[in-house]
Amino acid sequence: MKKLFSDLIVLNNNNLANNTYVLINNNQCVIIDPSTYENELKSLIDENKYQCVGILLTHGHFDHIMCAFNLANYFGIKIYASANEKEVINKYSCAKELFGINAKIYEEYVTYFNGNNLEVKNFKFNILHTPGHTVGGVIYIYHNYVFSGDTLFIYDVGRWDLPTGDPRELIKSLKLIKSAVHDDQYILCGHDDKYVKFKEVKQLNRYLKQV
């Protein structure tokens, strides 16, 4: 667990090298891609007396959502995901294929959204719809933070050979990112343990250089 900024904490110590982010606004917080960190997140939020108001999913692969349903039940909150990702969450989370786990999805906790904006209590996000890694993958932008999930890494992009992945859509998404994200915004990926500004990512990422 590491405090990246005064209002942002990252957890990155599981076997899958997943990044889970806790974004804080006064005493409220949201969790982005909770992965396997159920106990750590409960302790962090309870000990700091944060009010957890939502869980945001960049996409529906199981390594990103593994404890989302338990946390939603524990805190009495909703999970937010793109409406285009519903089939991935329910059918193509790749839990069994990649992790040998029979996933149980509690649909009653999930709020599916459309559109380019999402408001969760004190938090207002701009949404980039970025299919390619999965059909309903999204990027959440909050001030100078860009939570890119597995669409964009520092040096690479997310694989497109899993169900609903599409390399042509991923190229379109990279073009969108390049046009919508500002140089001084921080790219906060789903798996990298490097957190840098977009202007640096554009120099390091071979795929971004080609679109």
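The values are calculated or read from the model by the stated rules, or taken from the named source; none is laboratory data. Because the structure is a prediction, the values reported are computed rather than measured. For neighbour counting, all protein chains shown are included, and Cβ atoms are generated from backbone atoms with ideal geometry for every residue, glycine included.
Structure values in brief
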{"quantity": "Residue within the stretch 49-57 that is of a type in the set (S, T, Y) and more than 20 Å from N144 (Cα to Cα) present", "calculated": "yes"}
{"quantity": "Number of the exception - I141 against (1) aliphatic (A, V, I, L, M); (2) surrounded by fewer than 23 Cβ atoms within 10 Å (Cβ to Cβ); (3) modelled with pLDDT under 95; (4) under 22 Å from Q28 (Cα atoms)", "calculated": "(3)"}
{"quantity": "Pair list, Cβ under 6 Å, 6 or more apart: the stretch 60-82 residue under 13 Å from E107 (Cβ atoms), other residue hydroxyl-bearing (S, T, Y) and crowded, with 22+ Cβ neighbours inside 10 Å", "calculated": "G60/S93"}
{"quantity": "Test result for D184, touching a residue at least 40 places away in the same chain (Cβ under 8 Å), within 15 Å of the chain's Cα centre (by Cα) and surrounded by fewer than 15 Cβ atoms within 10 Å (Cβ to Cβ)", "calculated": "no"}
